[in-house]
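> Dropping a structure here in structure tokens format, bear with me for questions.
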Amino acid sequence: MKFKWMPVIDADKCTGCNLCVEACGPQCLELIEGIAALPRPDECGSEEHCIGVCRDDAIHMQWVPFEGNESVGRWGSVSLASNGRRPGTDAQARTPEKPPALAPALTE
């Protein structure tokens with residue numbers, strides 16, 4: 001399974017200030033009905049500029065299961081365990097350096 005390091009917007013915290021949209025180099029973020037959104041995730045370069053300018057703490061980065069252009073952004077993968085199941089993950093144990101579960105499966 002492939003994962004991409006992407007911004008996730010908390011709509012309940014977003015005030016629609018537009019700072020993240022202006023900071024986004026690839027222009028993959030935009031305001032939709034007054035809330036920041038990521039309508040073009042394939043274009044996200046995983047650069048995290050949007051997080052630094054968000055005064056409302058409404059954006060955080062997360063490894064998101066995704067299929068798309070692996071030449072853009074930060075990518076990782078998780079292999080299935082020998083029993084065919086994906087190893088369990090703990091959201092608090094996630095780090096920007098690796099996707100959930102198996103660090104050795106990381107691809108860049």
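> Take ASP10 and ASP42, extend 7 Å from each Cα along the Cα→Cβ direction, and tell me the distance between the two endpoints in nm.
In this crude spin-label approximation the distance works out to 3.1 nm.
> A follow-up question, please. Using the 10 angstrom Cβ neighbour count as an exposure proxy, how do ARG74, ARG55, ARG40 rank, fewest first?
With the sparsest Cβ surroundings first, the list reads ARG55, ARG40, ARG74.
> Which Rg and Dmax, in Å, describe the Cα atoms of segment 1-45?
10.7, 35
> Can you pull the one-decimal nm distance between simple spin-label points at ASN18 and VAL53, each 7 Å off the Cα toward Cβ?
Placing both labels 7 Å beyond Cα along the Cβ direction yields 1.1 nm.
> For LEU31, LEU19, LEU38, which order do you get if you count the other beta carbons within 10 Å of each Cβ and list the fewest first?
LEU31, LEU19, LEU38
Read-outs: derived from the displayed coordinates by stated rules, not from any lab. As the structure is a computational prediction, the values presented were derived from the model and not from experiment. Virtual Cβ from ideal backbone geometry, glycine too; neighbours counted across all protein chains shown.
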